[in-house]
Amino acid sequence: MENRKTLSVDIGSQNTRAWLFEQREDGFALACSAVAETTAASGQDLRAGVARALEGLQEKSGVRLLDLQQNLIRAEEGISACGLSVSAGKPIRTVLVGVSDTYSLAALRRLVSLFYTDVVLEIDLQDDLNATAQLEKLISANADLFVCAGGTNQGAFKPVRAALDNLRIVYQSLPRLIRPQLVYAGNEALADYAREELEAGEDFHRALNIQARTNAESLAAGWPAMLGAFRRLRRQQLTGLAELEQEWECEALPSAFAASRVVRLIDRMNPEGKGAMALDVGCSSTIVIAARGEEFIGTISHPPISEQVGKDTSRYSTLPIDAQSAAVYMLNKKLHQAFLPATLEDLAIEQAWTRVRLHYALRRTRELFPWFGYDPELGLLDPYEPVLLSGESLVRVPAPQQTLLMALDGLQPHGITTFALDSDQLLAGLGSLAEKEPLLPVQLIDSGVFSNLGTVICADAPERPARRVLTLEIDRGESARETLDVRRGEVKRVESTPAGPMRIYLSPGELTDVGMGLPGLGGWVTVPLSEVGTVIDARGRPLDLPEEMNKRSEAFYNWLWELGG
């Protein structure tokens, strides 16, 4: 069989990652990966960072990827296909224009949520804003991207026409080195008028109506136009990107959008229809992606820094840390994203902040997608299996037990779920190759490229602390069955059996809900081999934390110790 080689590169805000895949007799496999510092700052060419990452791949794999001119070798002995994703660059200053706040603008916020945008202005065409005042706001926004929608097909014309007139003036009049992009995703009867009126040429991107009918929304209808706008902007903003796309014969994808392809794929591969979720806590952003059937949710949020966030971070620390120390660490991290925890105190703050960032990102996701089954007090109410963890703050951790506890505290799931770890941070890399090599991500996922971190059983009961809420009967298949009692407020771990899957019978108390459909209902659960094992979380929802700092830190320390971390 031909030993084809495939390359994928993700250019992040801090790091550029490269992965080399090979097609072997049993399918595609990850040959190796490499990381280099991103060179996307002002005056830099991002191709320099990409070249260093590829040099790292060459050293690890022994495969020559670059010629003497540092160009990618694409002949028969070289790379057969390339994937490219980008999250580097400043957030895209974005203006949303919609017929109403409840419908058009809410849908537009969801549409732009995976494209690294910063919404600086929203224009509600139902506001009593005259054309002159509207124009002044549009000009002062100094935006890179204008996204206009509103009205079902054959719906209202007049307010949208007036807004398009103002957008034409803004586009043609403002002296900008980087030309703004215009996306129209509204009433399709006005689409041709919008193209002719705006006279923006290739800077105009026509989408299908994301709300073609009342109470019907299709974000996918707007994705091709948003991708076109994203690419044209980033080619102007990031030196070397256009040349890289041309040389590699591929088009860059937003990293979060590329990752969403993999999450949707995992959902389709899941026969039980439980959905799939990914949480990526990186240097500069937190990404939440969830998919279940036709339902899709995706957001990017940025690490918040405030007095309240400092207090929240102190509250989730495994060491007694005051809010001021937490705030100082966060500010240093914001100024120097490559900063790594140097002391145990730094590590405690980093991991506590990761929990808080997850809380913030999930709340933000609920705001944009009101049907998302998350409650800030009670945690994640909807089941997703697996939950895939990625990003520097969840991957570059001393022990897998720490990663699992951070995710568990940040997400606070209900029932039974499985956590997996993207230790090679492959999500975007696989997603950017999905169109060119559709079998590659499928075969990599089937091969276990995402490691099984652990199965979590959440036992929620309105009982007093230390009261028994659940009894487990553990069948390892080789010896006598074991019994384990779990009490309110405890975290327990059952180690995996190397020989294969393990069966656990759950016998909950009358009021204990373990996700079997009703409180008090139990049954057999089969759990696979995993790094941490099976974790039983009986701390309840919301987490009942001690008020006193030292006792609270001791509780977190004890929970981590129970997990073996």
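Tabulated data
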read-out	value
Odd one out for ASP322, checked against (1) assigned by TED's automatic domain parsing to the domain that holds GLU548; (2) in contact with a strand residue (DSSP E or B) (Cβ under 6 Å, 6 or more places away or on another chain)	(2)
Pick from the range 502-521, criterion among the charged types (D, E, K, R) and under 34 Å from the mean Cα position of the chain (by Cα), ranking: nearest to ASP537 (Cα to Cα)	ASP513
Filter result for ALA216 (among the small types (Gly, Ala, Ser), modelled with pLDDT under 95 and out of contact with any Asp or Glu (no Cβ under 9 Å at 6 or more places or on another chain))	yes
PRO546 part of a loop (DSSP other than H, G, I, E, B) and either under 29 Å from the mean Cα position of the chain (by Cα) or of a type in the set (A, V, I, L, M, F, W, C) (or both)	no
The range 375-384 - residue that is in contact with a Ser or Thr (Cβ under 9 Å, 6 or more places away or on another chain) and surrounded by 22 or more Cβ atoms within 10 Å (Cβ to Cβ) and, of those, nearest to THR102 (Cα to Cα)	LEU380
Close pairs from the range 361-388: first free of Cβ contacts under 8 Å to residues at least 24 places away in the same chain, partner aromatic (Phe, Trp, Tyr) and outside any loop (DSSP other than H, G, I, E, B), Cβ under 8 Å, at least 6 apart	ARG363/TYR374; ARG366/TYR374
For GLN69: the one exception among (1) of a type outside the set (Gly, Ala, Ser); (2) surrounded by fewer than 19 Cβ atoms within 10 Å (Cβ to Cβ); (3) in contact with an Asp or Glu (Cβ under 9 Å, 6 or more places away or on another chain); (4) modelled with pLDDT under 95	(3)
Residue match in the range 104-126 (condition: assigned to a helix (DSSP H, G or I) and under 17 Å from LEU190 (Cα atoms))	yes
The range 113-137 residues that are assigned by TED's automatic domain parsing to the domain that holds MET226, paired with ones that are assigned to a loop (DSSP other than H, G, I, E, B) (beta carbon under 6 Å, 6 or more apart)	TYR116/PRO91; ASP118/PRO91; VAL120/ALA141; LEU121/ALA141; LEU125/VAL99; GLN126/SER100
Residue within the range 553-561 that is surrounded by 15 or more Cβ atoms within 10 Å (Cβ to Cβ), in contact with a helix residue (DSSP H, G or I) (Cβ under 7 Å, 6 or more places away or on another chain) and within 18 Å of CYS458 (Cα to Cα) present	yes
Scope the range 513-525; condition within 17 Å of LEU484 (Cβ to Cβ) and free of Cβ contacts under 8 Å to residues at least 60 places away in the same chain; matching residues	GLY522, GLY523, TRP524
Scope the range 499-531; condition polar (S, T, N, Q) and assigned to a strand (DSSP E or B); matching residues	SER507, THR526
Condition check for ILE305: surrounded by fewer than 20 Cβ atoms within 10 Å (Cβ to Cβ), outside any helix (DSSP H, G or I) and under 21 Å from the mean Cα position of the chain (by Cα)	yes
Condition check for LEU198: touching a helix residue (DSSP H, G or I) at 6+ places or on another chain (Cβ under 9 Å), at pLDDT 90 or above and within 24 Å of GLN237 (Cβ to Cβ)	yes
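The values are calculated or read from the model by the stated rules, or taken from the named source; none is laboratory data. Please read these numbers as outputs of a predicted model, since none were measured by experiment. For neighbour counting, all protein chains shown are included, and Cβ atoms are generated from backbone atoms with ideal geometry for every residue, glycine included.
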